[in-house]
Amino acid sequence: MAKTKGTESNLSSDKLLRIIEYMAANRLPMRLKDIADNLQISQPTVVRYLRTLCDQGYAYHDAHTGCYAMTWKICRLGSSLESNLVLRSMAGSLLSEFANRSNIGVLLAVEREGSLIYLDLVGAPHGSVDTMLRIGKDAPMHACGSGKILLSAMTPGRVRQLLERNGLARLTPMTITDPDAFMEELDRVRQQGYAMDNEECELGHRCVSVPLYDYTGTIAAAISAFGSAERLTDDYVQELLPSLQQLAKEISFRMGNT
């Protein structure tokens, strides 16, 4: 039976993970031949994966000995996953209580390497979260409230760098696509302490977002209340904002911010 593209991809992923796990378990640099022999993978295949790991900074090749070893960059993946899981665990019950009490959807988001990651989402008990099918995928930082909050914590230079890298895609007629206008939007976010997605990501849907602070007083994450534009009117946002900010304060306290 011929291998499908998906099967080949799975086998390739399996080999890469086996190489990473094997090298991570060995504290000393290793020869290509030893890695290949112990894993029973051909040397050309092993060296192809090792080159990729070296190119991405997860491994290095000692030109003098010809050996390979993992770098400390691999530790960052574990640290990031651990911190994300801890934050989600700390905030989960409070998010659920808020959603049930307010009958509105609420989500938790963080920034990682210039991208927005949703860690948790609780839909409104009597509503729908169809609009949030993007959860778990890349999120447009410039067009959502959480993204604006997290960008507002960065230096103008860093923000400009990310805008140049990621662009300002027009998702709806309401999306801010001019860099200067977006920088002014971030100034407003800093001054007022919250951010809005005014149908900038999806027509018919709005959200209001506030920051979460860690023990250093730094913005480390954001929470957002989201719903239909018909429900999340300007008046209702102002009515909802104090309780959303109180929720943020409670979660921030669990993060060590006093």
_Amide H within-cut-off set for A221, under 5 Å, with H built and near neighbours excluded_ = L212
*asked:* How tilted is helix 43-55 with respect to the longest principal axis of the chain? Cα atoms for both, answer in degrees (0 to 90, nearest 10).
replied: 40 degrees
*Please give, to one decimal in nm, the separation of the simple spin-label points placed at Y236 and R112, each 7 Å out from Cα toward the Cβ.*
3.3 nm
_Net charge of neighbours whose Cβ lies under 13 Å from the Cβ of G66, counting Lys and Arg as +1 and Asp and Glu as -1_ = 0
*Zone of Q191 (label point 7 Å along Cα→Cβ, backbone N under 15 Å): which residues in the stretch 158-182?*
181-182
*asked:* Please compute the length gained on full extension between A169 and L28, using 0.36 nm multiplied by the number of residues separating them and subtracting their Cα-Cα distance.
replied: 46.1 nm
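Could you give the length gained on full extension between T71 and V86, defined as 0.36 nm per residue of separation minus the Cα-Cα distance, in nm?
My answer for the length gained is 2.9 nm.
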_From the Cα trace of the chain, what convex hull volume per residue do you get, rounded to a whole Å³?_
185 Å³
*With the full set of protein chains in place, find how many percent of the accessible area of the stretch 116-258 is carbon and sulfur; take the probe as 1.4 Å.*
50 percent
*asked:* Considering only C-alpha atoms, what is the centroid distance from the stretch 143-198 to the stretch 86-108, in Å?
replied: 25 Å
*Compute, for R88, the solvent-accessible surface of its heavy atoms (probe 1.4 Å) with the complete set of protein chains present, and express it in square angstrom to the nearest 10.*
110 Å²
*Built amide H within the under 5 Å cut-off of T71, gap 5+*: A59, Y60
*Which ³J(HN,Hα) values, rounded to whole Hz and listed in residue order, are derived for the stretch 165-176 from phi using the Karplus coefficients 6.51, -1.76 and 1.60 in 6.51 cos²θ - 1.76 cosθ + 1.60 with θ = phi - 60°, glycine and proline given as x?*
6, 9, x, 10, 4, 7, 8, 9, x, 8, 5, 7
_Ellipticity estimate at 222 nm from DSSP helix runs (n ≥ 4, -39,500 (n - 2.57)) divided over the chain, nearest 500_ = -16000 deg cm²/dmol
*Solvent-accessible area per residue for the chain at a 1.4 Å probe radius, Å²?*
56 Å²
*Excluding the sites themselves, what is the longest stretch of the chain that contains no chymotrypsin sites (Phe, Trp or Tyr not before Pro) in a DSSP loop with at most 13 other C-beta atoms within 10 Å?*
73-214
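The values are calculated or read from the model by the stated rules, or taken from the named source; none is laboratory data. Since the model is a prediction, treat every value here as computed from it, not as a measurement. We place every Cβ from the backbone using ideal geometry, glycine too, and count neighbours over all the protein chains shown. Remember, those area values only see protein heavy atoms, side chains included, never the ligands or the DNA or RNA. Shrake-Rupley method; radii C 1.70, N 1.55, O 1.52, S 1.80 Å.
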